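Bear in mind these aren't lab numbers, they're just calculated from the coordinates by the rules spelled out. Quick caveat, the model's predicted, so the values are computed rather than measured. All Cβ positions, even for glycine, are placed from backbone atoms using ideal geometry, and neighbour counts span all protein chains on display.
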Amino acid sequence: MKLSKTNYLVYRDCAHNAWMKVHRPDAYAAEPLSVFDQAIIETGNDVDVRARALFPGGVLIRRGDAAGTAEQVAVHAPVLYQPVFETDRYTTACDILVWNGAQQAYDLYEVKASTSGEDRRAKDDLYAHDIAFQALVLQECGVPLGRLHLVRLNGAYVSDGTLDIGQLFTREDFTERASALFEAVRAEMDAAHDLITLAEMPPAPCACIFKGRSSQCTTFAAINPDVPDYSVHDLTRIGASPKKLKALVDSGILDIREVPANFELTLPQRHQAEAVRSRQPYVDPAPLGAFLDEIRYPVAFLDYETYPCALPRFPRYSPYNHVPFQFSLHTVERPGAEAVHREFLFTERSCPDRPFVDALTGALPAEGSIIAWNKPFERGINAKLAERLPAEADRLAAINARFIDLMDVFSEQMVVHPRFRGKTSIKWVLPALVPKLSYKGMAIQEGATASETWNAIVTGELEPDEAEDARRNLLAYCGLDSLAMVEIWRALLDIYAAREIREAG
């Protein structure tokens, strides 16, 4: 059995999960890839192919063809794409190898679909281990190695409507960074290989028992069946307090309802645990009242849908700039009034920026509050639109100044419901506070599917009747997002009014 680079990286995150991936692929793949994860894979493949243009004329090695790779390496083929290398214990595929005649060695180029402008510390460490694994396997195969490089998207690149491959990518020398890890990576490779060859999985729990829910491995439930579905791992931001989580786990306290009343928790964690134990919502009336008082009529509930395009598709776009293609707006003019709905969806192949801004400014009331869920997102989209359309900067800045974030009520723990399960997503809040509305049964139920649906329409992947169905599904999904905010706001008004009545006696 050979250890692949992919399984080595899984091992580094969770050893038990690597064993499950090899021996229990059914459990590892029990949850199908989300649309978001699938899009990441497809984007990575696309970026990898594009990066080959940096070194044109190469030989593309067939998947798994280590023998064919060896033949090309033996004759010092100038450029190899996806070369495969195997030893008795390890296997890896590289993105690009380039023969360096001056050094009489192959320079390695690992391509990543991330940008050079992101928070890089954790990513760079991961990439260094990735490159080190490849280098060690190639050395064991007798391949003369030169420099080790990382190729990734240049976040500072601004397209003129075409793709300048030389400017689109950055090339960074990771030789020293990866080489410094060789000894440690070799030891990890040996340990990972020994583990995946075990007939039985090591005893539970896995290391993820000490991680918050969002950081746990994909097979956590199968590896640790004694951990409840809603556990102490779901306490808000518990992953940022590893000592606190470890103390609970080491004490055998896994069910969130069993957290002792005197255990040191943050106030939001305390409210969450108490709401679960009491099965009653927690309401903090003072900040809730202040939040509701801040909202001014007419109240506009606004939601955007966008497509995060890794490779810039339009002029003035940079890698991963979001393409805003849709919005839904529900406006309540005065207290007690019904919400009036307006919507916009752009499905042409051209850039939607100008039509989007024109429709948005035409639909929004001239004054009053604009309500969003996670307002930094909508405000960020508007800021980028202002950069690309400087004549609209003042209007977009005025819109941004009016935003109020409805999610603040829940992220700041003004209202805590047992059914939120520590989450602040609208998909969790809506069914708890407004059970008459639901995303269940809809063709599109989350933003990643909306993005990919739009992309399938505008790139011509769908037949005309399919595209029309997709268009209706997009309108229904985005429309529910803004309507959901209306109804959650009304539920909050009722909750606060009931609290006032109760306190008045």
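Note down the relative contact order for the chain as a percent, whole number, built from C-alpha pairs under 8 angstrom at least six residues apart.
The normalised contact order for the chain reaches 12 percent.
What is the calculated FRET efficiency for V75 to D293, with r their C-beta to C-beta distance and R₀ = 60 Å, to the nearest 0.05?
Using R0 = 60 Å, I get an efficiency of 0.20.
On the first, second and third principal axes, largest extent first, how far apart are the outermost C-alpha atoms of the chain in Å?
In descending order, the Cα extents are 85, 60, 41 Å.
Determine the distance separating the Cα centre of region 148-173 from the Cα centre of region 460-493; give it in Å without decimals.
35
When ranked by the protection proxy of mean other Cβ atoms within 10 Å per residue, highest first, what sequence do the peptides 214-223, 467-476 form?
My ranking of the peptides, most packed first, is 214-223, 467-476.
Efficiency by 1/(1 + (r/R0)^6): what FRET value for R121 and A221, r their Cβ-Cβ distance, R0 = 35 Å, to the nearest 0.05?
0.70
Throw me the Rg/Rh for region 1-126, computed over C-alpha atoms with Kirkwood Rh, two decimals.
1.00
Output the 0 to 90 degree angle, nearest 10, between the alpha-carbon long axis of helix 464-504 and the longest principal axis computed from the alpha carbons of the chain.
Computed tilt is about 50 degrees.
Quick one: net charge of Y307's neighbours, Cβ under 10 Å, K/R +1, D/E -1?
With Lys, Arg at +1 and Asp, Glu at -1, the neighbours total -1.
I need the per residue convex hull volume for region 321-396, using only the alpha carbons, in cubic angstrom as a whole number.
Taking the convex hull of the Cα positions in region 321-396, it is 100 Å³ per residue.
Put a dot 7 Å past each Cα toward the Cβ at T6 and R237; how far apart are the dots in nm?
Each label point lies 7 Å from its Cα, and together they span 3.7 nm.
Run the numbers for A247 and A391: contour at 0.36 nm per residue of separation, minus the present Cα-Cα distance, in nm.
Here the answer is 46.2 nm.
Do the sum for the chain: with -39,500 (n - 2.57) for every DSSP H run of n ≥ 4, divided by all residues, what is the mean residue ellipticity at 222 nm, to the nearest 500 deg cm²/dmol?
-13500 deg cm²/dmol, from helical runs alone.
Based only on Cα atoms, what mean projected area does the convex hull of region 379-466 have, in nm²?
Orientation-averaged projected area of the Cα hull: 8.9 nm².
Loop only by DSSP, 15 or fewer other Cβ within 10 Å of the Cβ. Give me the GluC sites (Glu not before Pro) in region 362-411 that pass, ordered by residue number.
Those that pass, being in a loop and sparsely packed, are E367.
Within straight cross-link reach of K2, meaning Cα distance under 22 Å, which lysines are found once same-chain residues fewer than 8 apart are removed?
Within the straight-line limit of under 22 Å, K2 reaches these lysines: K21.
Please list, in order along region 24-36, the HN-Hα scalar couplings obtained from phi with the Karplus expression 6.51 cos²θ - 1.76 cosθ + 1.60 (θ = phi - 60°), rounded to whole Hz, x for Gly and Pro.
Listing the rounded values in order: 10, x, 5, 6, 5, 9, 4, 9, x, 4, 5, 4, 4 Hz.
Got the relative contact order for region 3-196 handy, in percent, Cα pairs under 8 Å and 6 or more residues apart?
21
So in the chain, what percent of DSSP beta bridges are antiparallel if you round to the nearest 5?
Antiparallel bridges: around 70 percent, rounded to the nearest 5.
Once you have the Cα-Cα distance between D46 and A207, take 0.36 nm times their residue separation minus that, and quote the gain in nm to one decimal.
54.6 nm
What is the extension gain from F263 to D13, computed as 0.36 nm multiplied by their sequence separation minus the C-alpha to C-alpha distance, in nm to one decimal?
87.1 nm
Give, rounded to the nearest 20 debye, the magnitude of the charge dipole that region 287-504 has about its Cα centre when Lys and Arg contribute +1 at Cβ and Asp and Glu contribute -1 at Cβ.
That gives region 287-504 a dipole magnitude of about 420 debye.
Under 17 Å Cα to Cα from K427, which lysines show up? Leave out anything in the same chain fewer than 8 places away.
K375, K436, K440
Between R354 and A456, with labels modelled 7 Å along Cα→Cβ, what's the label distance in nm to one decimal, could you check?
The answer from the label model is 3.1 nm.
Using Cα centres only, tell me the gap between region 197-243 and region 280-346 in whole Å.
Here the answer is 35 Å between Cα centres.
How much FRET efficiency would the formula 1/(1 + (r/R0)^6) give for F377 and E466, where r is the Cβ-Cβ distance and R0 is 35 Å, rounded to 0.05?
FRET efficiency, F377 to E466: 0.75.
Using only Cα atoms, tell me the angle between helix 267-278 and the longest principal axis of the chain; keep it within 0 to 90° and round to the nearest 10.
70
Would you mind listing how long region 147-269 runs along its three principal axes, going by Cα atoms, in whole Å with the largest first?
Projected onto the principal axes, the Cα atoms of region 147-269 cover 59, 42, 25 Å.
One quarter of the convex hull surface, Cα atoms only: what value does that give for region 63-132 in nm²?
For region 63-132, the mean projected area of the Cα convex hull comes to 6.0 nm².
Taking the Cα-to-Cβ direction at R171 and at R419 and moving 7 Å from each Cα, how far apart do the two end points lie in nm?
About 5.7 nm separates the two model spin labels.
For helix 285-294, what angle does its Cα long axis make with the longest principal axis of the chain, in degrees from 0 to 90 and rounded to 10?
90
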